[in-house]
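Here the structure comes first, spelled out in structure tokens, and everything after it is commentary.
The values are calculated or read from the model by the stated rules, or taken from the named source; none is laboratory data. The structure presented is a predicted model; accordingly, all values stated were derived computationally and were not measured. Neighbour counts run over all protein chains shown; Cβ positions are idealised from the backbone, glycine included. Calculation scope for accessible area: heavy atoms of the full protein, side chains included, ligands and nucleic acids excluded. Shrake-Rupley method; radii C 1.70, N 1.55, O 1.52, S 1.80 Å.
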Amino acid sequence: MISLGELLEATGVRPSPHWPTEASYTGFAYDSRGPCQGRVFVAVRTATGDGHEHIAHALSRGAAAVLCEAVPVGVAPGVPVLEVGDVLAALADWARLVTGRWRPKTIAVGGSLGKTTTKELLAAALSRRFRVTRSPGSYSGRLGLPVALGEMRRDADVAVMEFGTDGFGEMQALCSMAPPEMAVITNVCERHLDVFGSLDNAAAEMGAVLDCSSMAVVNCDDERSWRLRERARGALGFGLHRGELRAHQVRVEEDGLCLRVAYGSDEAECRVTLFAPALVYDCLAALGAALLLGLSLEEAVAGLGEYRPLPGRMNPLAGQGGVTVLDDTFGGSPTSALAALGGLGQPWVRGERHAVVGGLEDWEDSWAGPLATEVDRVADVFWGLGDQGAAIARELARAKGHVLYSYTDVIEGLKESLQAGDVVLVKGGRAARLERIVASLVGPSARDRLVRQEPMWDSVRMVRPERPTWVELDVEALGSNTRLLRQACGVPLMAVLKADAYGHGAARTARVVLRHGAESLGVACLGEASALRRAGIEAEILVLGYTPAWQARQAVREGVSCAVFGWEEAEALARAGADLGTRAVVQVKVDTGMARLGLTPEAVPAFLARLARLSTLEVRGIFTHFGSADSADLSYTRRQLDRFQDLLDRLEVEGLRPPVAHAANTAAALRLPESRLDLVRVGIGLYGLDPSSEAPLPEGFRPVLSLKTTVAQVKVVPPGTYVGYGRAHLTDRETTVAVIPVGYADGFRRGPRNWGSVLVRGRHCPILGNVCMDQAMVDVSGVPGVRKGDEVVLIGRQGDATIGAADVAARLGTIAYEVVSEILARVPRMT
């Protein structure tokens with residue numbers, strides 16, 4: 001509970017006569033999309049937004065007071081708006097005032113992992129003897145601690161709080177807000193190394209809480225935590241191997257964690273509803289703190305038995321069809337994923353063990369090996385989500401991994417595979433939102449036990465791209481487009497992934513299309529094929545372009561098929577096959593009327609007869625390519641098809657026809673059924689883009705790619721101002737200019753014509769002057785309220801407005817293929 005009087009006292013703000021100075025509020029709110037009714041809205045400026053811009057929204061949703069650094073216009077006189085110089089400093093002052101008057105016995109729980117579970121276990125244990133309050137959820141840090149204090153009971157004599165830090169000096173600041181009597185350090189691991197730089201630095205920062213405490217509980221099995229003991233007064237150590245409080249005989253049974261604990265001459269059996277052996281340390285941390293506050297070992301152990309799993313933290317849920325779901329989706333790092341996997345590999349699991357992992361925080365590729373080793377040890381089936389899942393799957397010793405890029409695919413795969421008695425662990429970081437997978441596996445009655453179920457989470461962007469310019473890929477659309485093509489054509493699909501899958505990302509595209517109906521892949525060159533092999537793609541790959549003789553051995557070694565149309569390359573491939581003790585696989589390319597790569601139809605029979613004499617060469621296919629299948633007039637395409645079919649007929653008679661013949665690209669596959677032959681090669685249609693304006697895709701196809709950036713700066717310039725290089729634009733009126741961090745080095749074309757316009761707040765805004773290498777300027781004079789950080793759409797939809805790749809192509813005088821393929825690799829791709 002927060003009183004307006006205490007807020008005024010802490011901040012020094014003079015109240016307006018209209019304010020209800022005796023008012024009290026249920027807590028703080030810092031996101032206008034979350035609960036606001038009866039709360040004080042805190043307008044915080046962060047790296048991702050400015051809360052001042054959302055004050056009106058918070059008030060409209062029931063916020064009863066505002067703490068801010070700039071008073072907004074139009075607030076009713078009776079609403080207290082406290083203007084301060086620094087909102088976070090004001091919150092800290094309020095926290096110091098409150099805890100100074102309340103003076104609870106404060107226990108600070110710090111460490112890299114396990115703080116929330118330890119806090120909850122400790123609160124359960126201490127409740128046997130004390131009136132206990134604890135910080136709600138996982139609130140900690142400079143903002144989180146005051147928010148937590150706003151919701152904690154003042155009649156309690158013990159307060160258990162999380163002290164989390166992700167910056168130097170933050171732990172000391174928390175200690176000044178709520179001086180702790182006791183500190184608990186759970187462990188020190190890889191969290192926030194982007195800030196601290198090393199584990200030793202992280203340990204030093206966490207150790208500041210020990211300097212402020214008269215008692216401490218530390219993890220003696222964690223080397224850095226153990227070293228911190230030297231900074232503590234009255235420290236109690238815990239662990240499996242050293243410390244005053246020890247555990248042994250640790251096991252996980254069907255109803256949770258079982259262990260024997262020993263402290264001095266006392267020993268007791270402890271049973272806690274936790275489902276991973278590594279969580280024994282959270283139990284010991286809580287027990288140690290309870291013992292220092294005077295509880296007996298028996299009393300503390302009994303209190304831990306009252307603990308119930310928190311949403312998203314190794315919470316066992318009854319899934320549909322007799323399946324058990326271990327929900328560990330609140331968040332987590334690779335270290336916590338290893339701990340969670342340890343819970344899956346326990347004797348109580350009698351059915352198949354399934355592990356779903358992806359989107360872990362603090363990820364480095366070096367974690368793929370250790371995680372794969374643990375997956376091999378404990379899981380029967382692995383479901384890896386996204387690029388992290390792919391990295392882990394590549395390291396698996398056994399072929400039991402699925403790599404998927406959409407929640408829908410994971411859910412469908414699990415529902416097809418899971419049977420009664422099976423257990424599935426779902427583990428991911430906050431941004432991965434894997435609770436969506438859990439929600440689909442449990443019954444409706446269990447969904448109130450999941451994390452992030454409030455409507456606000458549907459509009460919260462938790463994934464931040466590496467740059468403020470990025471590509472978003474709709475993998476659900478990619479899968480749907482693939483299925484539509486397979487259904488329409490009725491023959492096997494070869495998915496064409498040239499130019500990094502037309503700018504969409506070849507490895508992830510390959511995994512999606514292979515799952516949804518494609519049987520083989522086509523690329524332009526051996527380098528593209530090799531990249532797919534390194535990514536763990538095992539499907540058949542055909543290099544559609546030229547493979548020089550000096551690349552023959554690599555092609556054969558990697559199991560890649562090559563197009564051939566000359567003897568030198570074919571002979572080199574056969575020789576490579578002989579050297580490597582295998583057969584090289586080729587397909588013969590025929591030129592039926594493009595004057596591009598390929599043999600003339602007349603030369604093919606003799607060439608095939610000659611190839612047949614090479615015992616280490618397998619001729620698997622023959623193909624041609626259409627030059628104008630996307631034109632309104634299909635007469636020339638039909639002539640090409642007739643030439644190719646005549647050749648196939650002749651080869652059939654002579655016993656030379658390869659097993660597979662193909663000719664149709666997306667346009668031909670959809671418009672000329674007779675061209676489908678033994679398979680079709682589809683490219684542009686996979687990505688939801690029309691082959692041309694004269695050959696649109698049928699209804700149901702959806703674009704996969706959106707290209708976005710953000711507003712970096714907004715400025716108003718007077719008439720007569722030159723904009724950009726070369727003084728290419730001169731303003732003729734006062735103009736509001738938005739600078740966006742995207743340029744021609746990203747594929748955002750400069751000349752001879754540029755994009756023309758972009759979308760800002762759902763409106764088309766013209767580009768001003770010449771596009772720079774890394775930036776461009778946009779006229780947003782007609783769009784009210786544009787501010788730094790606003791999303792800008794270059795390709796895609798915003799509100800009711802759309803800019804399609806075809807629209808851009810028409811403006812640039814090219815085709816959609818070129819527009820998407822020219823988005824450079826430095827633009828991060830996000831799914």
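Numbers below:
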read-out	value
Residue check, Ala63 in contact (Cβ under 8 Å) with a residue 24 or more places away in the chain, open to solvent by less than 20 Å² (accessible area, probe 1.4 Å) and part of a helix (DSSP H, G or I)	no
Residues satisfying the stated conditions in segment 151-176, i.e. under 32 Å from the mean Cα position of the chain (by Cα), surrounded by 17 or more Cβ atoms within 10 Å (Cβ to Cβ) and part of a loop (DSSP other than H, G, I, E, B)	Glu151, Phe163, Gly164, Thr165
Answer residue from segment 203-229, given it is over 23 Å from Leu240 (Cα atoms) and not aliphatic (A, V, I, L, M) and is most open to solvent (accessible area, probe 1.4 Å) among those	Asp211
Odd one out for Asp86, checked against (1) over 35 Å from the mean Cα position of the chain (by Cα); (2) of a type in the set (D, E, K, R); (3) farther than 19 Å from Trp19 by Cβ	(1)
Ala368 open to solvent by less than 10 Å² (accessible area, probe 1.4 Å), farther than 30 Å from Pro465 by Cα and out of contact with any strand residue (DSSP E or B) (no Cβ under 7 Å at 6 or more places or on another chain)	no
Matching option when the condition is among the hydroxyl-bearing types (Ser, Thr, Tyr), in contact with a Lys or Arg (Cβ under 8 Å, 6 or more places away or on another chain), open to solvent by less than 30 Å² (accessible area, probe 1.4 Å) and more than 26 Å from Glu361 (Cα to Cα), among Ser480, Ser530	Ser480
Some residue of segment 344-357 being open to solvent by 10 Å² or more (accessible area, probe 1.4 Å), of a type outside the set (Lys, Arg), modelled with pLDDT of 95 or more and under 24 Å from the mean Cα position of the chain (by Cα)	no
Near pairs, Cβ below 8 angstrom, 6+ apart or cross-chain, from segment 310-327 (under 16 Å from Leu121 (Cβ atoms)) to any residue that is open to solvent by 30 Å² or more (accessible area, probe 1.4 Å) and among the charged types (D, E, K, R)	Pro311/Arg449; Asn315/Arg449
Condition broken by Leu425, with the remaining ones in (1) more than 30 Å from Asp746 (Cβ to Cβ); (2) at pLDDT below 90; (3) of a type outside the set (D, E, K, R) satisfied	(2)
Residue count, segment 193-249 (criterion: β-branched (Val, Ile, Thr) and not in a helix (DSSP H, G or I))	2
Hits in segment 1-59 (condition: within 34 Å of the chain's Cα centre (by Cα), open to solvent by 70 Å² or more (accessible area, probe 1.4 Å), in contact (Cβ under 8 Å) with a residue 40 or more places away in the chain and under 18 Å from Glu69 (Cα atoms))	Tyr30, Arg45, Thr48, Glu53
Selection status of Asp200, open to solvent by 50 Å² or more (accessible area, probe 1.4 Å), at pLDDT 90 or above and within 34 Å of the chain's Cα centre (by Cα)	yes
Total residues in segment 273-310, condition buried (at least 19 other Cβ atoms within 10 Å of the Cβ), of a type outside the set (Gly, Ala, Ser) and touching a Lys or Arg at 6+ places or on another chain (Cβ under 7 Å)	1
Scope segment 120-139; condition without any contact (Cβ under 8 Å) to a residue 60 or more places away in the chain, at negative phi and out of contact with any helix residue (DSSP H, G or I) (no Cβ under 7 Å at 6 or more places or on another chain); matching residues	Ala123, Arg131, Thr133
Segment 455-475 - residue that is at pLDDT below 85 and either loosely packed, with under 11 Cβ neighbours inside 10 Å or of a type in the set (Asp, Glu) (or both) and, of those, farthest from Val711 (Cα to Cα)	Pro455
Cross-chain or 6+ apart pairs with Cβ under 8 Å, segment 727-745 first and on the phi < 0 side of the Ramachandran plot, then outside any helix (DSSP H, G or I) and among the basic types (Lys, Arg)	Thr736/Lys715; Val737/Lys715; Val739/Lys715; Pro741/Arg467; Gly743/Arg750; Tyr744/Arg750; Ala745/Arg826
Residue in segment 535-542 that is touching an Asp or Glu at 6+ places or on another chain (Cβ under 7 Å) and buried (at least 24 other Cβ atoms within 10 Å of the Cβ) present	no
Filter result for the condition that a residue is open to solvent by 60 Å² or more (accessible area, probe 1.4 Å), farther than 19 Å from Gly144 by Cβ, part of a loop (DSSP other than H, G, I, E, B) and modelled with pLDDT under 95, over Gly85, Gly78, Gly74	Gly74
Residue match in segment 260-271 (condition: in contact with a strand residue (DSSP E or B) (Cβ under 8 Å, 6 or more places away or on another chain), part of a loop (DSSP other than H, G, I, E, B) and buried (at least 21 other Cβ atoms within 10 Å of the Cβ))	no
Residues satisfying the stated conditions in segment 665-704, i.e. closer than 14 Å to Pro492 by Cα, open to solvent by less than 10 Å² (accessible area, probe 1.4 Å) and either out of contact with any strand residue (DSSP E or B) (no Cβ under 9 Å at 6 or more places or on another chain) or not aliphatic (A, V, I, L, M) (or both)	Thr666, Ser675, Gly683
Search result, residues across segment 468-519 that are closer than 25 Å to Glu818 by Cβ and polar (S, T, N, Q)	Thr469, Ser480, Asn481, Thr482, Thr509
